[in-house]
Structure formats: C-alpha cells, structure tokens
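The next block holds one structure in the form of structure tokens; read it before the comments.
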Amino acid sequence: MENLGFGDDKELVNYVLKNLSNENKEGITPEKIENVLDFMLDFFEHKGYMDDEADGNEEVIIDDDEMTNFIQEKLGKNAIFLTEAQVREILDIEYQFNLDEGVYD
C-alpha cells in the first residue's frame, strides 16, 4: 500500500486497531485489517480508479455498499470472517486516517 500513496501500512493498521469500537474489536487481528485494506485497493483497481489513464483530478464517488460487498466476498473466499459492521468501521477509520494525512481531499 505504501507505494500507492496510502501511507505506512503498520502505522495505519495500528491506528485502526487503536480506534476500533469495543463492539467491533472481537476477532480483529492486524492481518485481517491488512486483508480488508488490500481488498479495498482491489476494489479501486476493479472499478478503474487507479488506472494510469484515469484523470487524477476527477472526483470519484465510491458506493460504500458496493465496496463493502466486494470486500466481504473476497474475505469469504479467503476464509476470513468479519461482520459487515467490522468491515465498514475499518474502512471508516482508514478513510479518517488518510484524510488526516492528506491522501484524500
């Protein structure tokens, strides 16, 4: 992820772990967070948001439900089980972290 401009993986994963709500912490490991983040990037690639030919100035609107479903499907195929609430909270925390870091406008 670091080479794609999404910051330091370890720092982001630790931030997510630290900021997860108590109700969503159960069963969460750094590896599961990394998987969610990797599958988030897979979703971006699948949608063409990371294509070299994409206009970097174009505003991208991400369908949260579509992205969450995509990630949960990938998690299931890899026998990694998280609730929808856990996935959504990980994504929300990732967004806040990268917003604070200036990755997202």
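Here GLY102 clears all of (1) part of a helix (DSSP H, G or I); (2) within 17 Å of GLU11 (Cβ to Cβ); (3) at pLDDT below 95; (4) open to solvent by less than 70 Å² (accessible area, probe 1.4 Å) except the condition numbered (1).
Taking ASN57, is it modelled with pLDDT under 95 and in contact with a Phe, Trp or Tyr (Cβ under 8 Å, 6 or more places away or on another chain)? Walk me through it before giving the result.
Values: modelled with pLDDT under 95: yes; in contact with a Phe, Trp or Tyr (Cβ under 8 Å, 6 or more places away or on another chain): no.
For ASN57, the condition - modelled with pLDDT under 95 and in contact with a Phe, Trp or Tyr (Cβ under 8 Å, 6 or more places away or on another chain) - is not met.
The set of residues in the range 1-26 that are modelled with pLDDT under 55 and open to solvent by less than 60 Å² (accessible area, probe 1.4 Å) comprises MET1, GLY5, PHE6, GLY7. Considering (1) open to solvent by less than 80 Å² (accessible area, probe 1.4 Å); (2) of a type in the set (A, V, I, L, M, F, W, C); (3) out of contact with any Lys or Arg (no Cβ under 8 Å at 6 or more places or on another chain), the lone condition that PHE39 does not fulfil carries the number (3). Scanning the range 61-95 for residues that are more than 13 Å from the chain's Cα centre (by Cα) and either open to solvent by less than 20 Å² (accessible area, probe 1.4 Å) or closer than 12 Å to ILE33 by Cα (or both) turns up ILE80, PHE81, LEU82.
The values are calculated or read from the model by the stated rules, or taken from the named source; none is laboratory data. All of these numbers come straight from a predicted model, not from anything done at the bench. A quick note on method: Cβ atoms are made from the backbone with ideal geometry, for glycine too, and the neighbour counts reach across all protein chains shown. Accessible surface is based on the protein model in full, side chains and every heavy atom, while ligands, DNA and RNA are left aside. Shrake-Rupley method; radii C 1.70, N 1.55, O 1.52, S 1.80 Å.
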